[in-house]
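Each value in this text was obtained by applying a stated rule to the coordinates, not by laboratory testing. All of these numbers come straight from a predicted model, not from anything done at the bench. Virtual Cβ from ideal backbone geometry, glycine too; neighbours counted across all protein chains shown.
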Amino acid sequence: MTSEPMLLDPEVEELLREVAADPDSTLLRVPRGKAVRALYEQRPIASSQRSTLSIPEREIMRVRRLEIAWLLRQACLRMLIEGIHTRAFVSPFVGPGERLVLLDPSELATRCHAAAEAPATDGANTTGLTLLSAVVATPHGSAPSIVDLAAAAHRLHPSADSRILASQDLALRSSPRSALAILRTVLAAPMPERTGVAAWSAVGLAYLALERRDWAHAAYVEASKLDPLRPGPWMDRLTLAIQLGFEADALQAANHLDEVLAANDPVVDWYVGSRLNRRLASDWAPTPAGLRLTASLHDELGPVGRRVCSVFA
C-alpha cells in the first residue's frame, strides 16, 4: 500500500491559516512542559475555553474538531515512522506485506517555523502538515515535537491513539517512565484489539528503554495474544525470548511466525534490517544466553524464525 497525499478541505486550510497567523492563539498551542500533563485529560480541554477563543478557533471546535485531531495524529505517525531517531523502532507494517497508508512525505512540517511567521495570504509554506504544525508551534519557537502534536490532538479529541503516539515518542526520547504512566491510563479502559496491540507494544518499547527485557517480553506477549496476524509483536516476542533464554516461548513464537509469514515478506525484511541497524548503533547487543539459544535452536527453527534470529549472528 502506498502513501497518500494529504488533501485539506479548502475551508479547513483557511481556518488553519488564520489560527497559525494569530500569535495569541491558544487553542492548540500547548505550553512547553505541559504537553504530557495535557494527555491525562478525559475531555477536550479547549471546550472549557470557548468564550476566549477567536472566531476561527470556535469554528474549528464547532465543526472541524475531529477532523483536525485525526490529521494531527497522522502527522505524529508519519514523524515516528520516518524520523531519523525513531524509524528503526516503529514499524510501517500492520500485517504480512501490508504497509500503513501514510500521508505524503512532502506534506511534512519541514518548514513550520517559516509557516508560523508567514502572512495568512502566503500559502507557499502553509499546506498540509506544515500548516498543522504551524498551528501548534509557538510563534518564534522551535518546531513542535511528536508529543506536542499528540497533545494538540488530545486537546481537540481525547483518545487512546494520541496517548499511544506520544508514549512512543517519550519512550524513545529518554522519558520511558512518563510513557508508562500515560500508557497505564490507556490500559485501564476497555479498548479495541487494535488499540490494545499498539498500547502493549508501546509498553514493551518503554521497558526496553529501561533495560527491563523481562517486562518488555511480557508486554509483547500480551500484544501478540491480541492479534495473531500482527507480526511485529510476535517478532519482538521471539527476539526477546531468545535474549532471555526462554526456549519454549521462542519456539512458540517462531512456529507461529512461520504459519502466518513467508521468509521474504517485506515486514521480515524491515524487521531484520531495523534490528541490525540498531545493533550497529550499539542500541542492543546479543546476550550470552541469546547466542547460546540461537545456536542450539537453529535446526528447529523454520525459515522465518531463522531469518529473524539472523540478527544474533
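Round to the nearest 0.05 the FRET efficiency obtained for R37 and D299 when R0 = 51 Å and r is the Cβ-Cβ distance.
0.45
Net charge within 14 Å of I242 by Cβ-Cβ distance, Lys/Arg positive one each and Asp/Glu negative one each, not counting I242 itself?
+2
Students often check this: by mean Cβ neighbours within 10 Å, which of 259-267, 272-280, 151-159, 246-254 ranks highest, and how do the rest follow?
By packing density, highest mean first, the sequence is 151-159, 246-254, 259-267, 272-280.
What does the extension gain come out to for E247 and D214, with contour length at 0.36 nm per residue minus their alpha carbon separation?
Length gained, E247 through D214: 10.5 nm.
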